[in-house]
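Notes to accompany the following structure.
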Amino acid sequence: MGNLIKVLTRDIDHNAAHFFLDFENAQPTESEKEIYNQVNVVLKDAEGILEDLQSYRGAGHEIREAIQHPADDKLQEKAWGAVVPLVGKLKKFYEFSQRLEAALRGLLGALTSTPYSPTQHLEREQALAKQFAEILHFTLRFDELKMTNPAIQNDFSYYRRTLSRMRINNVPAEGENEVNNELANRMSLFYAEATPMLKTLSDATTKFVSENKNLPIENTTDCLSTMASVCRVMLETPEYRSRFTNEETVSFCLRVMVGVIILYDHVHPVGAFAKTSKIDMKGCIKVLKDQPPNSVEGLLNALRYTTKHLNDETTSKQIRSMLQ
């Protein structure tokens, strides 16, 4: 990367794929521009969303005070006043997940279309591959932050309880027009997930496959497995790794690798862990285990708890014990 890296993936589509995947500098070609620009509009807001989530402190103190002193109107108002703007943020995160889903579907359409193989697509459309990687990278970072922030669900359930009490008592609720009942139900389901963004993406990928019946499912799963192999090879080959110009690229590649494994596992009928899987799971787990432990615990947990097929009988004992 920086200067392009030659990446040798496993023999994915039966002609060993030798190609560069430049996560640092890939620029769109003329034919990629339309999709690239659409996705770029969404990705431009990703960093701001992560900053908002990182600084999300919650209204725990105000809520506790209000619950402990139910007759004190001032404390009730204070808690409501603290929660309403936070719910505005949660609404913004949820709406961003919808935009991200649409962007992902656009990219999948471009990266799986005939007549090219998934490997040829990734090789020819590096800028779209990079955007796909950026979506996955954002998703895993978002979910890591969400998982360590219990305030999100507490704030939202307090908001809903208070809102329904206000409705019963016919109190006009400022902020209710922000989140109507139907939206609140969808947001509730979203935040109930341990990894809501990942769930959104895996549902979107599954839906993409089922809606494009004329497209072989392999076009999608091979795109994911090729991406996993590219990331693994770039990470485990010192010669490639030494060419990353940015230290962050290592953690970027690790997150992307784990993200595509999870998507593959949700979309592929037998998943990522079976012997027939086109992803070298042992190699991928080894790459993760070779990193400083505190930097990858979240990613190993994502493989342990957000995949679909890890506990299937078809998963080898060795892979299971590697993830123990």
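Some notes on this structure:
- Binning all Cα-Cα separations of segment 99-206 at 10 Å, short to long from zero, yields these whole-percent fractions: 12, 33, 25, 18, 9, 3, 0.
- Taking 0.36 nm per residue of separation and subtracting the current Cα-Cα distance, fully stretching the chain between ASN170 and ASN154 would add 3.4 nm.
- Backbone HN-Hα couplings from phi across segment 239-244 [Karplus 6.51/-1.76/1.60, Hz, Gly and Pro as x]: 4, 6, 4, 5, 8, 5
- Where GluC sites (Glu not before Pro) in DSSP loops with at most 13 other Cβ within 10 Å are excluded, longest remaining stretch of the chain: 1-173
- Using a Förster distance of 51 Å, the FRET efficiency for GLU51-LYS213 (Cβ separation, nearest 0.05): 0.80
- Gyration tensor (Cα) of the chain, equivalent ellipsoid semi-axes in angstrom: 40, 21, 19
- Each 10 Å bin from zero holds the following percent of Cα-Cα pairs in segment 33-81: 23, 24, 19, 17, 12, 4.
- Rounded to 10°, Cα long-axis angle of helix 33-43 versus longest principal axis of the chain: 40 degrees
- Spatially proximal lysines relative to LYS74 (Cα-Cα < 29 Å; intrachain offsets below 8 disregarded): LYS89, LYS91, LYS92
- Normalised by 2.2 N^0.38 Å, where N is the number of residues, the alpha-carbon radius of gyration of segment 202-242 equals 1.58.
- Here the extension length gained between ALA102 and SER242 equals 46.9 nm, from 0.36 nm per residue of separation less the Cα-Cα distance.
- Accessible area (Å², per residue) of the chain, counting only protein heavy atoms and a probe of 1.4 Å: 48 Å²
- Take the Cβ atoms of SER316 and TYR116, set R0 to 25 Å, and the FRET efficiency comes out at 0.15.
- Cα long-axis angle, helix 196-211 against the chain (0 to 90 degrees, to the nearest 10): 60 degrees
- Once the chain from ALA194 to GLU30 is taken as fully extended at 0.36 nm per residue, the excess over their C-alpha distance is 55.1 nm.
- Shape class of segment 266-324 from the alpha-carbon gyration tensor: prolate, with a/c at 1.5 or above and a/b greater than b/c.
- Note on segment 216-285: Kirkwood radius taken over Cα pairs, Stokes-Einstein applied at 37 °C and 0.692 mPa s, translational D equal to 265 µm² s⁻¹.
- Residue range of the chain that is longest and free of trypsin sites (Lys or Arg not before Pro) which are both DSSP loop and sparsely packed (at most 11 other C-beta within 10 Å): 58-212
- Quotient of C-alpha Rg and 2.2 N^0.38 Å, computed over segment 49-118: 1.86
- Euclidean distance of C-alpha centroids, segment 69-127 and segment 228-293, integer Å: 24 Å
- Each 10 Å bin from 0 upward holds the following percent of the Cα-Cα pairs of segment 164-264: 12, 27, 23, 18, 12, 6, 1.
- Taking the C-alpha atoms only, the angle from helix 126-147 to the longest principal axis of the chain is near 40 degrees.
- Here the chain has 51 percent of its accessible surface on carbon and sulfur atoms, given a 1.4 Å probe and all protein chains in place.
- Between the beta carbons of LYS44 and GLU297, assuming R0 = 22 Å, the FRET efficiency works out to 0.15 to the nearest 0.05.
- Partners for LYS317 among lysines (Cα-Cα distance below 24 Å; same-chain residues under 8 apart left out): LYS275, LYS278, LYS282, LYS286, LYS289, LYS308
The values are calculated or read from the model by the stated rules, or taken from the named source; none is laboratory data. Keep in mind that this is a model prediction, so the values were computed, not measured. Please note: Cβ atoms are built from the backbone with ideal geometry, for glycine as well, and neighbour counts cover all protein chains shown. Note: areas computed on protein heavy atoms with side chains; ligands, DNA, RNA excluded. Shrake-Rupley method; radii C 1.70, N 1.55, O 1.52, S 1.80 Å.
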